[in-house]
1. Please report, in cubic angstrom per residue, the volume enclosed by the convex hull of the alpha-carbon atoms of the chain.
2. Is the C-alpha gyration tensor of the range 14-124 telling us rounded, prolate or oblate? Criteria: a/c under 1.5 is rounded; beyond that, a/b larger than b/c is prolate, otherwise oblate.
3. At a Cα cut-off below 16 Å, give the aspartates and glutamates reachable from LYS206, other chains included and same-chain residues fewer than 8 away excluded.
4. At 0.36 nm per residue, minus the direct Cα-Cα distance, what do TRP130 and ALA164 gain on full extension? Give it in nm, one decimal, please.
5. Within the set of other residues whose C-beta is less than 9 Å from the C-beta of TYR17, count the net charge using Lys and Arg as +1 and Asp and Glu as -1.
6. Would you list which lysines come within 25 Å of LYS87, measuring only between C-alpha atoms, while excluding same-chain residues fewer than 8 positions from it?
7. If the viscosity is 1.002 mPa s and the temperature 20 °C, what translational diffusion coefficient in µm²/s does Stokes-Einstein give for the range 134-230 when Rh comes from Kirkwood over Cα pairs?
8. For LYS55, which lysines qualify as cross-link partners when the Cα separation must be under 21 Å and same-chain residues fewer than eight apart are set aside?
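What follows is calculated from the coordinates using simple rules that are stated; it is not laboratory data. Because the structure is predicted, anything quoted here is derived from the model rather than measured. Because the Cβ atoms are built from the backbone with ideal geometry, glycine has one as well, and the counts that use them run over all protein chains shown.
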Amino acid sequence: MGVFTVPAFAETTEVVYGYAWGDGEGHLRIVPRSAAFVHEGDVKSYRLKALTGAKELRLGYTGAAFGRVTVACDLKETEGQVALDAKGLGRTGCAPRDLDTELDRGPVPLRIEYAGRDAVRINEFLVTRWPAPQTARGTIKRVDDSTVVFASGGKRVKLGYTYATSFHRTTARCRDGWLAGRPVNAGRDGLGRKSCTPADLTRALKATEHPVLVQLDYTPGVGAVNEVWEVFGDA
C-alpha cells in the first residue's frame, strides 16, 4: 500500500466532491455536489446530492497526489478489499497515470482539493448509492468524441459515454450516416434494433451538424449515457 505526498502550493485550496469525467489529456471535469459522510458498521461511504446552481469545473491533475480505494493501483474494482482512511477516502498512493486509466473506464466519484485550475490532492471514495438510471426521448448534439448535450423536456444536460455504452441503429450498417437510407432496422416504435459500438456513435455524430432525435437510457446524477437508440422520424 503506497504513501503519497502532496505537492507544495501557494494558493488557497478549495474542495469539491462529485463524479469526475476525463476531459482531455491530464484534465477532468466535475460538477460539484454536496457530500455527507456515512459510516455504517465497517462501511464508509458518501451520499452525494445535487447542488443548486453548481457549475462544472475543469481541472488539470498531472501534478496531483491520487489516493485510490483499492489496495493496488492497477485494480479495476475493490475485489472485496478497500483501503480507506478514517474519513472514508482512498489511501493507496497512486500516480496521475492511474487516474488516466480510471477515467478512461468512465465516471469516478472523487474528492478533489484544488488551487486555481489545478488539482493538488485527489481521493476516490465509495458512494452510498449510485444514482438510478432513467429513459427519455430528446435530441443529442456532439460536444467531443465522448460527450453530448441531451435536450429533453425543456432541459439540457451534458452527458458522457464510454466503451461500455450501447448504440442501436435504424440503418442497414453501423457505419451509415444518421438515418441514412431505408430504416431496415427500425422497430414499430421507430427505435433502432441494430447493435453498434460507441465508436459508431461518435462517427455518426461527427457527420451531422444538427441535434438528432434519440432515446437514451442515462444516469442523470452521474452524467453517464448507458444506451442510445437512433429514432426514425417522429415515431
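1. Values: hull volume 32.7 nm³, N = 235.
That works out to 139 Å³ per residue.
2. Working: a/c = 1.76, a/b = 1.14, b/c = 1.55.
The shape class here is oblate.
3. Within reach: ASP144, ASP145, ASP176, GLU230.
4. On the way: separation 34, 0.36 × 34 = 12.24 nm, distance 1.70 nm.
Residue separation times 0.36 nm, minus the Cα-Cα distance, leaves 10.5 nm.
5. On the way: positive: ARG33, ARG111; negative: none.
Local net charge: +2.
6. Once the sequence-local lysines are set aside, what remains near LYS87 is LYS44, LYS49, LYS76.
7. Rounded, D is 164 µm²/s.
8. LYS141, LYS155, LYS158
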